[in-house]
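Here's the structure we're looking at; comments come further down.
The values are calculated or read from the model by the stated rules, or taken from the named source; none is laboratory data. None of the values given here were measured: they were computed from a predicted structure. Note that we place each Cβ from the backbone using ideal geometry, even for glycine, and neighbour counts take in every protein chain shown. Please note that ligands, DNA and RNA were not included when accessible areas were found on the heavy atoms of the full protein model with its side chains. Shrake-Rupley method; radii C 1.70, N 1.55, O 1.52, S 1.80 Å.
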Amino acid sequence: MPRTTFTAAAIAASVLLSVVAAAPAQAHADGAFDTAAGATTKAPYRPLQKPADLQRPPAGYAAVFTQTVSRHGARALSDSEDGDLLLKLWQQASDEGALTKVGRGLGAEVQSVLDANAKVGYGQLSGQGRRALQDTAERMEERLPGLFKRIAADAGNPASTNRIDVVSSGQQRAIESGTEFVKGLVDEKPAVAPAVGAARTDPATLYFHKSAVNKDYTDYVKKDQRLAATLAAVRDQPRTHAAARRVLERTFTPAFVDRIAAGEFAYAEDEVTAAQAVFNLYVVTADLTDEGKWHMGRYIGADDAAWFGYVDNNEEFYEAGPGFAGADITYKMAGVLLDDLFRKVEDKRAGTSTLGAELRFTHAEEIIPLAALMQLPGSTQQVTEAAPYTYAGNAWRGASVAPMGANIQWDLFRKDDKFLVRMLYNEKQTAFKPGCRPVSKGSYFYAVDELERCFGRTA
């Protein structure tokens, strides 16, 4: 079929026809982060269900294996670029007397946030991120006490079939996430420590969005005209520019904001770039609660934070999530990870596995497409150019699909020669995709044979 040419103006018209119903949010009086205001994939992790509330497996079944795919924990900023930009603008405005009363405090606040990020290490786990991973591991053991009791009992056996394998993308924050998760597990049940193997890396499976075999995907992100036009339409529409002005006028005089908008300062493209820098520092403070008490909310209103959260969610939705109708470029590459999940179950069923647990640590760029490929809740709805992604019309949210520490877990249960799988998504029992039949109505347990059929793994 001939390819249609999409312009930013045409797509912007479609976007403006759709009302974006951002979640209501209220800024804290002290300017602290409000998770509801502009929540994105940077949102802190929260488990969605207590272990005690899970369905029990059918009579006679016992857990024999568990495996997870986890995003790394909450982290610091990737770099200092946004903070450096704001400090330059702030210093210029300070020198010219172009700061508001509120804005006089921005320089010190930004510098404090940057100092905290540098101390943690740019891109590395924050204290909150480390603690959340440890807590997640402890809840895993609480959900599967029998399995970890067997792992502990078999830990000193050279021929053990209950080893714990820890594997990551190879990126430092993912490696550290594995270390912290194991620490939580061992703190909860020290006897499992000898069962933990040496940590290893597998970027082909857990960093596939950067793999050379997925050049078609990287070309899509960098060169696809439809993608570029769609994202530009959201960024460049009047509502985004209006929100940006409101954000900046909390700190700078209107005349100074006019100059930012006109591109007078080479390091800040326009007022949207500068406002996004404020938003990015505001958002990261939710992941740095151990490192300081922050007040970035003084410099961005809750409604404007919600709008910039929507702008951020657009990028994640189109670059890694369900994306455009009729295309699978954003998520088909997650097949290598889904295959690995199935192989580990099939090997355990066949009696060829030496594992009691497989613990994987990766990134949002892997969790988001895997969720779309598996058709997990909130990850199924694609969009068209005529009806683009909006909050009002689509359930996809980065904060629920892949928050910091997001995880997908498959538990394998056995009774004689029968095997069942239960899936947890951010620790909540979750049905497999439509067409997969559980063992009984309302059950969250599925026969392995049925999942193979449902996902097309049988001849």
If R0 = 60 Å, then residue 210 and residue 59, at their Cβ-Cβ distance, give a FRET efficiency to the nearest 0.05 of 0.85
Can you show me the helix-derived [θ] at 222 nm for the chain, built from DSSP H runs with n ≥ 4 at -39,500 (n - 2.57) apiece and divided by the number of residues, rounded to the nearest 500.
-13000 deg cm²/dmol
Please report the accessible area of residue 231 (heavy atoms, 1.4 Å probe, ligands and nucleic acids excluded) in Å², nearest 10.
40
Where labels lie 7 Å past Cα in the beta-carbon direction, separation of residue 392 and residue 84 in nm
4.1
Looking only at Cα atoms, what is the convex hull volume of region 326-459 per residue, in Å³?
136
May I ask what percent, to the nearest 5, of DSSP beta bridges between residues of the chain are antiparallel?
60
Here the alpha-carbon Rg of region 45-160 over 2.2 N^0.38 Å rounds to 1.77
Residues of region 47-78 with backbone N under 16 Å of the label point set 7 Å from the Cα of residue 458 along Cα→Cβ are none
Report the accessible area of residue 183, computed with a 1.4 Å probe over the heavy atoms of all protein chains in place, in Å² rounded to the nearest 10.
100
Over its Cα atoms, what ratio of radius of gyration to 2.2 N^0.38 Å does region 286-328 give?
1.66
Cross-link pairs beyond the 31 Å C-alpha cut-off, checked among 215/441; 149/428; 42/441; 183/332
215/441; 42/441; 183/332
Step through the residues of region 41-54 one at a time and calculate ³J(HN,Hα) from phi using the Karplus curve (6.51 cos²θ - 1.76 cosθ + 1.60, θ = phi - 60°), rounding each to whole Hz and writing x for Gly and Pro.
5, 7, 4, x, 6, 9, x, 9, 7, 7, x, 5, 8, 6
Provide the convex hull volume over Cα atoms per residue for region 41-102, in Å³.
135
Starting from one equal scatterer on each C-alpha and no solvent at all, send me the Debye-based log10 I(q)/I(0) for region 348-404 at q = 0.20 Å⁻¹, two decimals.
-0.82
Mind giving me the nanometre distance, one decimal, between the label points for residue 225 and residue 431, set 7 Å out from Cα along Cα→Cβ?
4.2
What FRET efficiency comes out for residue 95 versus residue 239 if R0 is 41 angstrom and r is the Cβ-Cβ distance? Round to the nearest 0.05.
0.80
Dipole moment magnitude, nearest 20 debye, region 178-272 about Cα centre, only Lys, Arg, Asp, Glu C-beta charged:
160
So, R0 is 41 Å and r is the distance between the beta-carbons of residue 46 and residue 350; what FRET efficiency does that work out to, to 0.05?
0.65
What is the set of long-range amide H partners of residue 168 at a cut-off below 5 Å, with H atoms built 1.01 Å from backbone N?
200, 201, 202, 361
Chain lengthening between residue 142 and residue 102 when straightened (0.36 nm per residue, less Cα-Cα)
9.6 nm
How long, wide and thick is region 133-228, going by the Cα atoms along their three principal axes, in whole angstroms, largest first?
57, 28, 22
What is the Cα convex hull volume of region 246-305 when expressed per residue in Å³?
79
At q = 0.07, 0.11, 0.12 Å⁻¹, what base-10 log of I(q)/I(0) does the Debye formula yield for the chain when every alpha carbon is treated as an equal point scatterer in vacuo?
-0.39, -0.91, -1.05
If you stretched the chain out fully between residue 418 and residue 327, how much longer would it get, using 0.36 nm times the residue separation minus the C-alpha to C-alpha distance?
29.1 nm
For region 256-415, the Cα gyration tensor yields equivalent-ellipsoid semi-axes (√(5λ), largest first, whole Å) of 38, 21, 13
